[in-house]
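Reviewing the structure listed below.
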Amino acid sequence: MSDHWDEEEEYEEGKVPREREESLCPCKSRRSYKTCCMPFHYGRAKPHTAEQLMRSRYSAYFFRLIDYLVDTTHPDTKTPELGNEIGAMIHQVNWKFLRIVEASKGGKDDKTGKVEFIADYFVDGEPQELHEVSRFKRFKGAWKYLDGKQ
Ligand SMILES: [Zn+2]
């Protein structure tokens, strides 16, 4: 499995190339995309934990899957403009690396969860770092992203 895609590949909005399925998942799980975040992106499975959802949202930013990002945002914080807002910035950012610092709650029997992470990315070739604690909350049984604090 190769990791080389992460470098310069530009992804068309809402589409993941077939040949990308076998290579490593952008979320740095060391698993193939096909066995990691892809089933969530394609609606074939739902994340069991808040951390899985967080990882799949990172991968969705990576592949520019705007619909998935909107769908996995909790109705409590989702605005009608969210899709347009994500669409306006998603092409300026190239995601590079994800590290999960800590996950608390967010398990199978929890209703809420928190995931602290550090994500490295580039904007106009300039390296940036996002250090965030994201909050997650279930909605109709499924994990959703509530908000984040940087
Ligand atoms: Zn993944």
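The values are calculated or read from the model by the stated rules, or taken from the named source; none is laboratory data. Values in this document were obtained by computation on a predicted structure and should not be read as measured data. Glycine also receives a Cβ, built like all others from the backbone with ideal geometry; neighbour counts cover every protein chain displayed. SASA here: full protein model, heavy atoms, side chains in, ligands and nucleic acids out. Shrake-Rupley method; radii C 1.70, N 1.55, O 1.52, S 1.80 Å.
General remarks:
- Set E102, E132: member being open to solvent by 30 Å² or more (accessible area, probe 1.4 Å), farther than 29 Å from E19 by Cα, away from the ligand (no atom under 16 Å from the Cβ) and outside any loop (DSSP other than H, G, I, E, B): E102
- Scanning segment 105-129 for residues that are closer than 20 Å to D76 by Cβ, open to solvent by less than 90 Å² (accessible area, probe 1.4 Å) and not in a strand (DSSP E or B) yields G106, D110.
- Where a residue in segment 25-36 is basic (K, R) and its partner, wherever it lies, is buried (at least 21 other Cβ atoms within 10 Å of the Cβ) and not in a loop (DSSP other than H, G, I, E, B), with Cβ under 7 Å and at least six apart: K28/L98
- Residue pairs whose Cβ atoms lie under 6 Å apart, sitting 6 or more positions apart in sequence or on different chains, and linking a residue in segment 114-126 that is farther than 30 Å from H48 by Cβ to a partner that is at pLDDT below 95 and assigned to a strand (DSSP E or B), are F122/N94; V123/V93.
- Failed item in (1) at pLDDT 95 or above; (2) more than 11 Å from the chain's Cα centre (by Cα); (3) within 16 Å of the ligand (Cβ to nearest atom); (4) not β-branched (V, I, T), with S59 passing the rest: (2)
- Candidates D110, D124: the one that is modelled with pLDDT under 95 and of a type outside the set (V, I, T) is D124.
- Any hit, segment 13-20, residues being farther than 19 Å from Q128 by Cα and in contact (Cβ under 8 Å) with a residue 60 or more places away in the chain: yes
- Residue within segment 64-87 that is among the aromatic types (F, W, Y) and open to solvent by less than 20 Å² (accessible area, probe 1.4 Å) present: no
- Looking only at residues in segment 15-24 that are of a type outside the set (D, E, K, R) and surrounded by 13 or more Cβ atoms within 10 Å (Cβ to Cβ), the one that is nearest to the ligand (Cβ to nearest atom) is L24.
- The lone exception for N94 - which of (1) part of a helix (DSSP H, G or I); (2) at pLDDT below 95 it fails: (1)
- Members of segment 25-52 found to be within 11 Å of the ligand (Cβ to nearest atom), more than 13 Å from K96 (Cα to Cα) and of a type in the set (A, V, I, L, M, F, W, C), listed by number: C36, C37, M38, F40
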